[in-house]
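The values are calculated or read from the model by the stated rules, or taken from the named source; none is laboratory data. All of these numbers come straight from a predicted model, not from anything done at the bench. Glycine also receives a Cβ, built like all others from the backbone with ideal geometry; neighbour counts cover every protein chain displayed.
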Amino acid sequence: MGKGLFIIGILMLASVCFAGSGGFESGPWKISNGAENVFVFEPEYIPSTLYSYALAVPGRPDEIIVTMSDPAGESGNGGWRPKGLSIGYYVYVLNLKSETVDLMAWEDFKQLEIITEFFHSKMVSTYPGLDYQGEPIDYFDVIPFKKDGRELILAPSFEDNAKVKRTFGIPSIIPFMGRKKWVEKETYHSGTVFIEVFDNQYPTKPLVQFQRNYKNLTILPQIRDMACWTQGTEQPILVVVESSFTIKKQKGRIFLVKVPFTDSE
């Protein structure tokens, strides 16, 4: 019985390990347009995350809070031990005046009066006139920010080189997890991803443009994986998070962009 469980464990481990062995590589974010409006913060550590949230706090106009946990959630995630502090869950407090970043415990953050908003995503086809740097993907979302009758659009595009490869491995014995067959075909993506912000009145040139190279992605990132609008602000503010795990031998970074509306002519 013990030997059988040992073999099953080995098969499960081999299957799961193989499924995650795509060799994903990513370069750092580069600001190719609008750098004069960007603040760069380098915290001690940024946990690996799929989503980030940015929020303004009433009465603290010079601060933006960035968290990797849903602000509406009861508990945080991505706990760690910062230098001089206990193990716990923390949020980042970005100070726009001093251009410094501090940590705040999740419990203290939950005591604040946070203004939450929901930015409704739209399909790429809603804005056919945008002049993307790369190629937009029809089924990917874009996220608009509306203010005083004007509209900014946060959108991703790609210069992508997709290749289909045959992979070999042990099928998973766990339903809906890992491999299904000994030989499978999988698509790997390499290229450049762009994050751009357009003023809908002037769609031919982005106000802000970020870009980064990637290699061996099995799934292309969507805009919510990479950037978010700050909630509760009068001025449009964009936040882009680069985890400490993303780039080897480099600190994590948080980019905060005060996005200007294009002046009408």
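Here are some notes:
- Residues of the stretch 64-101 that are of a type in the set (Asp, Glu) and either modelled with pLDDT of 95 or more or on the phi > 0 side of the Ramachandran plot (or both): Glu99 alone.
- Tally, over the stretch 125-165, of residues that are more than 18 Å from the chain's Cα centre (by Cα), among the aliphatic types (A, V, I, L, M) and more than 20 Å from Val259 (Cα to Cα): 2
- When residues of the stretch 192-222 are limited to those that are of a type in the set (Phe, Trp, Tyr) and within 15 Å of Lys146 (Cα to Cα), the one surrounded by the most Cβ atoms within 10 Å (Cβ to Cβ): Phe198
- Residue match in the stretch 161-172 (condition: modelled with pLDDT of 90 or more, in contact with a strand residue (DSSP E or B) (Cβ under 6 Å, 6 or more places away or on another chain), under 19 Å from Ile254 (Cβ atoms) and not acidic (Asp, Glu)): no
- Every condition in (1) modelled with pLDDT under 90; (2) assigned to a strand (DSSP E or B); (3) within 18 Å of the chain's Cα centre (by Cα) is met by Phe255 except one, and the failing one is (1).
- Residues within the stretch 69-123 that are among the aliphatic types (A, V, I, L, M), over 20 Å from the mean Cα position of the chain (by Cα) and loosely packed, with under 14 Cβ neighbours inside 10 Å, tallied: 3
- Total residues in the stretch 33-68, condition outside any strand (DSSP E or B) and either over 14 Å from Ser243 (Cα atoms) or of a type in the set (Asp, Glu) (or both): 8
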